[in-house]
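The values are calculated or read from the model by the stated rules, or taken from the named source; none is laboratory data. Worth saying up front: this structure is predicted, and the values here are computed from it rather than measured. No Cβ is skipped: glycine too gets one built from the backbone with ideal geometry, and neighbour counts run over all protein chains shown.
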Amino acid sequence: MTRTDAHPSVPGRSESDAERGALPEGYLPTGVAATGALTEDEVTRALTADDRDALLERLGITDQDHEELSALIPRALAVPEVLAAITRTAHLLRASAGLDAPAAPLADLAEAHNALQQPLAPGEGLIAILAHVVSTDTVRTWHARRRLSEAQSWHVLSDLGQQMRVHRASSHGRLGLHQVSWTAMNWCGRLVHLGRLQFDLHRSAADGRWIIGVHIPATGPLDPADVEASFEAASAYFPEAYPDLVAAAPAGAAAFGREFECHSWLMNRVLVDSLGTDSNIGAFVDRFEILENSRDDDGAAFFVFSARPPYDPAALPRRSRLEREVGGRLADGRGWESGRGHLVR
């Protein structure tokens, strides 16, 4: 992978092209890398700086999450083992970003990290959250290389706060983060947020070509006009920002920027049949050709009901047609299947 360095000067702050070294016109790096690891002193300064609150807000950490996390930070920094874990994890998150940058293995570290945090705050994800907070410089450098504005870059990274809200909803109101594989992928720089939908770049499991994944953040209804606008924005953005991937598309494949995949609990034709194509969800699912399905009761329980194991399917609410359809199948043993949807526009 062709690499260029991200200047590590001040964690969590934007850097100009002059500061990080402007590239020759037309040069397209496939990745960027941090020039060195952060020290524990640098992590401490970043998490106690005067602009820390503004940084948390840029990352989408607001309201109760902001209040509780801010109160925990001094206590976390005062525990040497916790500070060391935050620093090591930040190094993994900011080591590199780009097309083939590996995601930091935060899921593998979660058990040890969560054990460390228990004396401070029962729950999960505190170390990962703080490591994300101090490690935005590399991913933001990559975003800039691939035509995301500073505002767009922060919008993408503000999904950290969204995942914390999702965690709170599924964890009896507790501060934390459990979708650490997802946030680690985001810090690799391959996720963008365009209107209602999120899109990620990944290689096709079939032949390795680059295609665009579709993700639906839990931020409101799937209005068809908003969905269409997001797809139009993606088809405009990706070929412009990644002309190298346009040129690399294999002969006979769909044009890069026009092919999409969605791996989701939503990719189930039951939703079209039960809700109809005149519903927002039914219309969204009907856009895709569903290529395969697999049993995924827990995925449906999480995304529809904010329920994580252990849960009682019979006790899940039935407030809407969607909840009645999914909850009924979970309760009567039919279960739920997630799927892989394919769309060429």
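Are any residues in region 53-83 in contact (Cβ under 8 Å) with a residue 40 or more places away in the chain and farther than 14 Å from Leu126 by Cβ, and if so, which ones?
Initially, region 53-83 is screened for residues in contact (Cβ under 8 Å) with a residue 40 or more places away in the chain, giving 55-56, 58-62, 64-65, 68-69, 72-73, 75-76, 79, 82-83.
Hits for region 53-83 are Leu55, Arg58, Leu59, Gly60, Thr62, Gln64.
Can you confirm whether region 278-288 contains a residue that is surrounded by 16 or more Cβ atoms within 10 Å (Cβ to Cβ) and either in contact with a strand residue (DSSP E or B) (Cβ under 6 Å, 6 or more places away or on another chain) or at pLDDT below 95 (or both)?
The answer is yes; a qualifying residue exists.
Just to be sure I understand, how many residues within region 323-345 are surrounded by 16 or more Cβ atoms within 10 Å (Cβ to Cβ) and either over 20 Å from Ala169 (Cβ atoms) or in contact (Cβ under 8 Å) with a residue 24 or more places away in the chain (or both)?
Residues flagged as surrounded by 16 or more Cβ atoms within 10 Å (Cβ to Cβ) and either over 20 Å from Ala169 (Cβ atoms) or in contact (Cβ under 8 Å) with a residue 24 or more places away in the chain (or both) within region 323-345 amount to 12.
Within region 243-258, identify whether any single residue is over 16 Å from Gly195 (Cβ atoms) and either within 20 Å of the chain's Cα centre (by Cα) or among the polar types (S, T, N, Q) (or both), and answer yes or no. Give the derivation first.
So in region 243-258, the residues over 16 Å from Gly195 (Cβ atoms) come out as 243-256, 258.
Okay, now just the ones that are also either within 20 Å of the chain's Cα centre (by Cα) or among the polar types (S, T, N, Q) (or both), so none.
There is no residue in region 243-258 that is over 16 Å from Gly195 (Cβ atoms) and either within 20 Å of the chain's Cα centre (by Cα) or among the polar types (S, T, N, Q) (or both).
Checking the condition surrounded by 17 or more Cβ atoms within 10 Å (Cβ to Cβ) and touching a Phe, Trp or Tyr at 6+ places or on another chain (Cβ under 6 Å), which residue from Leu266, Leu271, Leu245 passes?
Leu245
Limited to region 211-230, what total is found for residues that are within 18 Å of the chain's Cα centre (by Cα) and either loosely packed, with under 14 Cβ neighbours inside 10 Å or touching a residue at least 40 places away in the same chain (Cβ under 8 Å) (or both)?
Within region 211-230, the subset within 18 Å of the chain's Cα centre (by Cα) is 211-220, 230.
Then drop every residue that is not either loosely packed, with under 14 Cβ neighbours inside 10 Å or touching a residue at least 40 places away in the same chain (Cβ under 8 Å) (or both), which leaves 211-220.
Residues in region 211-230 being within 18 Å of the chain's Cα centre (by Cα) and either loosely packed, with under 14 Cβ neighbours inside 10 Å or touching a residue at least 40 places away in the same chain (Cβ under 8 Å) (or both): 10 in total.
If you check Gly60 against the conditions, is it at pLDDT 95 or above, in a loop (DSSP other than H, G, I, E, B) and not aliphatic (A, V, I, L, M)?
Considered against the rule, which asks whether it is at pLDDT 95 or above, in a loop (DSSP other than H, G, I, E, B) and not aliphatic (A, V, I, L, M), Gly60 comes out as yes.
Restrict the check to region 186-196 and report whether at least one residue is surrounded by fewer than 19 Cβ atoms within 10 Å (Cβ to Cβ) and more than 21 Å from Leu69 (Cα to Cα).
Yes: one or more hits.
Condition test on Ala218, is it hydrophobic (A, V, I, L, M, F, W, C), more than 20 Å from Leu148 (Cβ to Cβ) and not assigned by TED's automatic domain parsing to the domain that holds Asp159?
yes
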